[in-house]
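The values are calculated or read from the model by the stated rules, or taken from the named source; none is laboratory data. Just so it is clear, the model here is predicted, and its values are computed rather than measured. Cβ sites come from the backbone with ideal geometry, for glycine too, and all protein chains shown count toward neighbours. Remember, those area values only see protein heavy atoms, side chains included, never the ligands or the DNA or RNA. Shrake-Rupley method; radii C 1.70, N 1.55, O 1.52, S 1.80 Å.
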Amino acid sequence: MLSGALTLAGLWLWGPPAAPASAAVAGSVYTALAPTRILDTRSTEQTLGPGATLSLPVTGAFGSVTVPADATAVALNVTAVDETAGSYLSVYPAGGSVGTSNLNWSRGETIANLVVTEVGTDGEVSFFNALGDTDLVVDLEGYFAPDGGGPSAVGGFVPLSPTRICDTRAEEQSQVDDQCTGHTLGQGQTLTVQVSGQGGVPSNGTVAAVVANVTVTDASAASYLTVFPEGGQPPLASNLNWGPGDTLANRVIVPLGASGQVGLFNDLGSADVIVDVDGYIAGSTTSGDPTGISLFYPVTPFRQLDTRSDAGTLSAGDPLQDQLAGSGTVPDGASAVLLNVTAVDQTGTAYIALSPGDTHATSDLNFSPSQAPVPNLVLATLSDDGTTYLYANQGYVDVVIDVFGYFQPVDGGAPGPAPCGSVSSTPDSPSLATGTSQAFTASGSCSGGTTEYEWWYGTPAWSPRWYLGQAWSSSDSYTLDTQTLGLYAGGYNVAVWISNDASYQGQLHTTPVTVTGDAEVANVVYSPQIWGMTCEEAALEMALSHEGIAVTQPDILAAEGVQDDKNGEGIGPNSVGTGDPTEHFVGDPNGDEGPTWEPGTYFGAVESAAKDLGGDVIAAGYAISPTQVYRYVAEGHPVEVWVTFDFRVDYRAEWLSNGVHSWIWAGPDEHVVTIVGVSSSAVEIDNPWDVGSYGAAYWGEDQWVPMSTFQAVYALYDDQAVVLN
């Protein structure tokens, strides 16, 4: 059982993909076990260092539960804790090689994910940590073993269309009016949830376990959640771990109690819990259609989709249909696929849902902009043609899908769509100027059905994102119009997919394109700072002008709530215990800088003032990466950033706190500018210090700063920014 505050420090990208391999010959069925802790490296002194591998036996007896020697795969809830660096963990069969990632984290984060992995040499699985040190906690949840035969095999999986059966949030927040509405879990409380008879799960006692996605939100304190069969006590195991205010999800496969119920136990504070059912494990007898039961086939993990390179970045409300049956080692007719789905480079607080249809009433991953790549295990139920729809409810997010196995109906399942041949496009590697256009023509064909094409264009390498250029149609041509799209200097890509049913089958051709020009945020009125310490207010005055909001720096200071104390209150170490720059402007707006303090304010007060004055704040906080900043600017949003006055990095950054809030301090030359443009190698700033004195760098209006210089000084303040619409 784990608890602890969540600390985020930038983004980490996961490990390398592994090549597809042949699937297991015989199908397997699942046996759910009472969750049992089989490893805690904090007590065994087996902390994993950088590049370290730990092998763990997963067959044999573990207290009151036993995993047989012929088990083909095991289900483990794996939690990383006390990490010293951002990294990833790969879980794989012992004797094999490191493959795709299962967990991703930032330094100090406590994060869990359900892992289903093949059993390797000597009944063991291996854990590989890429960077820094980390401790692992591993809870055994169940295992897959060879099928005993017959369509009513105990342990066969029955996939369902995802359905929400429990949401403890208040009625005005909950998507369903159900048994859980209004029952927020308090400290040490257990909520009993009826599963059988809900969301397609039978009520006739034929269910051994349920497969569900469990989400925690609105948490008041760092805590953990344990999901267990109703009728007993919470075991020494956890399914989710979170910090205050987090929204996190994890997959569970949990046995049902005698009445078809499960218990949800929360350790500390209060939290709301959401339960979405994905399917169930068949019990001793199964009535109804036997074609609903599927057996499991583990495969060597392979990367099936990466929207950063596969032309498919998710945008809010625009589902992406992905062909899974017939892809890699997943055969036609698969009913469900076991995936590790990872969200990366997200622009907002949002969720991703996977569904066999293009309607979405559940969720699979939840994330915020400042989180590291967020993974979750997904048992994706497929449509009759072997596809799943990926849906994001807000902003933009890239998605990586790694396949770990599939479920095949005992009767073989329905055939998938006919495959397509290769596709190409012309011209190859064109170069064009900003304001002009370029026409492309594709060549390719699919057997069966109408050949269709979908076109995408990708942004420069420093901000790799794909945008839909032309939706699925029979048109084999597409025109990239740099004027309409607002494209500027940089290297781009134009990609075309080919299909016979408007889904992604892996037939893709990408063409590089070179464009010259710059992107600038329109209608920003330059404003110099009127007092010595009002750079933050002048920068916000400029950003708000883009929205047509005319305010003065005194207006902004009033909205921030100035606390004037000329005797030492400010941002630096002398202010600890008094001033709080995250809440209001501290010190004299026209005062002097000192060696250990400076008047000013940080993102919290600026964000609040912007909203009070009618501004639309898209994002605010620490850990807004340079890549995210460039994207926002390229999309027409001014960004207020914290840098050093002279754009030098020879300052020592340290974190300060008043016991309530924390902020980062990097010397007395803290400064703020507004970014209003971006090119392939530089950013354009409006610097409110408009006089060329006192060592100021890039002072005044419309100054271009090399990206490397900006990123170095921006990092001193932990990538702190406020983004306006």
**Message:** Can you find, among Val705, His183, Ile571, the residue sitting farthest towards the positive end of the charge dipole of the chain, where Lys and Arg contribute +1 and Asp and Glu -1 at Cβ?
**Reply:** His183
**Asked** So which cysteines in the chain don't have a second cysteine's C-beta under 4.7 Å from them?
**Response** Cys535
**Asked** Roughly how many Å is it from the Cα centre of region 105-130 to that of region 665-679, as a whole number?
**Response** 40 Å
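When you have a sec, figure out the Kirkwood radius of the chain from all distinct Cα pair distances and drop it here in Å to one decimal? Before the final figure, lay out the partial values.
On the way: mean 1/r = 0.0367 Å⁻¹.
Across the chain, the inverse of the average 1/r is 27.3 Å.
For the chain, what is the charge dipole size about the Cα centre, in debye to the nearest 20, if Lys and Arg each add +1 at the Cβ and Asp and Glu each add -1 at the Cβ?
Working: 14 positive and 80 negative charges, 436 e Å.
Around 2100 debye, computed over the chain.
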**Prompt:** So how much slack lies between Asp481 and Ser220, counting 0.36 nm per residue of separation and subtracting their Cα-Cα distance, in nm?
**Reply:** 89.1 nm
**Item:** For Ile571, residues with placed amide H under 5 Å, excluding near neighbours
**Value:** Glu598, Gly600
**Request:** For Thr192 and Ser259, calculate 0.36 nm times their separation in residues minus their Cα-Cα distance, and state this gained length in nm to one decimal.
**Result:** 23.1 nm
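With loop defined by DSSP as not H, G, I, E or B, and exposure as at most 10 other Cβ atoms within 10 Å, which is the longest segment of the chain clear of exposed GluC sites (Glu not before Pro)? Kindly include the intermediate steps, with their values, before the conclusion.
Details: sites that count: Glu45, Glu171, Glu172.
So the longest stretch without any such site is 173-725.
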**Request:** Counting only heavy atoms of the protein chains, get the accessible area per residue of the chain (1.4 Å probe) and round it to a whole Å² value.
**Result:** 34 Å²
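Over the chain, with every protein chain in place, what whole percent of the accessible area is carbon and sulfur at 1.4 Å, could you tell me? Mind showing how you got there, number by number?
Details: 11900 of 24520 Å².
Roughly 49 percent of what the probe reaches on the chain is carbon or sulfur.
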**Request:** Could I have the simple spin-label model distance between Arg652 and Ala61, label points 7 Å from Cα toward Cβ, reported in nm to one decimal?
**Result:** 5.8 nm
**Charge dipole of the chain about the Cα centre (unit charges at C-beta), most positive-ward option of Phe585, Gly132, Ala619** = Gly132
